[in-house]
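For reference, the structure discussed in these notes is given below.
The values are calculated or read from the model by the stated rules, or taken from the named source; none is laboratory data. Because the structure is predicted, anything quoted here is derived from the model rather than measured. For neighbour counting, all protein chains shown are included, and Cβ atoms are generated from backbone atoms with ideal geometry for every residue, glycine included.
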Amino acid sequence: MDAATLPQGISTIRLGSSGSLPGLRVKTAHCEAVIALQGAQILSFQATGKENLLWLSEKAVFAPGKAIRGGIPLCFPWFGPHPQDASKPAHGFARNREWQLREIIQQEGICTLHFRLEDDEQTRALWPHAFKADLAIALGHTLALTLTVQNRDDQPWPLSFAFHSYFPVSAIRQVQVEGLENTGFIDQRSAERSQHRQSGALTFNGETDRIYLQAKGNYRLRDTRNTGIAASNCHSAIVWNPWQEKTSRLHDMQPDAWQQMLCVECGNVESDALRLAPGEMQTFALELQGD
Ligand code: BG6
């Protein structure tokens, strides 16, 4: 799609102080949103009369090929460091590549933007597989993301991914995540990969980096306001807050920003990772709703 054919309420913008990344601003009767074409990454979503559902770092870097700290980056086709080669980009390449905007559908008050990423020479250099990934971002009273991935190879391949949602919080020590009770998790802060079990709601009093496996897919972020997180076909939940010391090592976060953000990510990683057969297609969805 080019700018001339964009429907009313949708305009092209340049992101960052030097305007180095293209994006879209969407205004509908029910919400406002900003999306970067790089990563098809939604950076802000505000339903009418509500607060912004997503957190975006004040120091986020907007540069071609660099991950943007905030909103909902898509980690794909691997999560975290590449399992065999640490020189490859963390969390895969999907968040660092510009996606193609294919169509915009406005129906019953919901505006849905359809993006696509397919393998090319650059992706095959990092991951030698043929694929098609379609991401639909539906903007209504709620925010819904649907990812459809197809294996276009004649061999099966492994897939790990996550919708890496960043949420704003009023004070990290006062928030709770519900829905992970009794779920097994790996603590990524330790080299040991044994599983622990969550007892009660998750609260925060230090650096947190956990991968919950075989999780339920329905969570609630309880704060001065609440956010509902509903995922389907996503069996893992990753919860991350870098706390003070790790934040000081991140060039794209303010030193105290860890107090006002939390990542609750949904996807399939580690032992929940998938294997797609030739031609196989799988769909994964995430819906976020603020109170
Ligand atoms: C989380 C991981 O999903 O993302 C953390 O569990 C990681 O280990 C964090 O530090 C941020 O990753 P990045 O690559 O965006 O700095």
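For every residue, the table says whether it meets (1) under 19 Å from the mean Cα position of the chain (by Cα); (2) farther than 25 Å from Ile72 by Cβ.
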| position | (1), (2) |
| --- | --- |
| Ala125 | no, yes |
| His129 | no, no |
| Ala133 | yes, no |
| Gln155 | no, yes |
| Phe163 | yes, no |
| Pro168 | yes, no |
| Leu180 | yes, no |
| Asp187 | no, no |
| Ser194 | no, yes |
Item to check | Cβ-Cβ under 6 Å pairs, at least 6 apart or on other chains, region 72-93 side β-branched (Val, Ile, Thr), far side within 12 Å of the ligand (Cβ to nearest atom) | outcome: Ile72/Phe163; Ile72/Ser165
Next on the checklist: So in region 85-115, with the set limited to residues that are over 15 Å from Asp134 (Cα atoms) and among the hydrophobic types (A, V, I, L, M, F, W, C), which one is surrounded by the most Cβ atoms within 10 Å (Cβ to Cβ)?
Outcome noted: Cys111
Next on the checklist: Considering only region 184-195, I want to know if a residue exists there that is away from the ligand (no atom under 11 Å from the Cβ), in a loop (DSSP other than H, G, I, E, B) and either buried (at least 19 other Cβ atoms within 10 Å of the Cβ) or at pLDDT 95 or above (or both).
Outcome noted: no
Item to check | strands (runs of 3 or more DSSP E) fully within region 1-115 counting 2 or more residues that are closer than 26 Å to Val149 by Cβ, within 16 Å of the ligand (Cβ to nearest atom) and under 19 Å from the mean Cα position of the chain (by Cα) | outcome: 41-47
Checklist outcome for this item: Reported set for region 204-238 where residues are farther than 30 Å from Arg275 by Cβ, buried (at least 18 other Cβ atoms within 10 Å of the Cβ) and among the hydroxyl-bearing types (Ser, Thr, Tyr) is Thr227
Checklist entry - Do we find a residue being of a type in the set (A, V, I, L, M, F, W, C), within 19 Å of Leu43 (Cβ to Cβ) and modelled with pLDDT of 95 or more anywhere in region 118-132? => result no
Item to check | Matching option when the condition is within 14 Å of the ligand (Cβ to nearest atom) and more than 16 Å from the chain's Cα centre (by Cα), among Met281, Met261, Met253 | outcome: Met253
Next on the checklist: Can you find, within region 242-276, the residue that is surrounded by the most Cβ atoms within 10 Å (Cβ to Cβ) among those that are more than 12 Å from Leu56 (Cα to Cα) and of a type in the set (Asp, Glu)?
Outcome noted: Glu265
Checklist entry - Looking at (1) among the β-branched types (Val, Ile, Thr); (2) within 23 Å of Val175 (Cα to Cα); (3) in a strand (DSSP E or B), which is the one condition that is false for Thr283? => result (2)
Checklist entry - Going by the conditions given, is Ser236 within 15 Å of the ligand (Cβ to nearest atom) and either touching a Pro at 6+ places or on another chain (Cβ under 6 Å) or among the polar types (S, T, N, Q) (or both)? => result yes
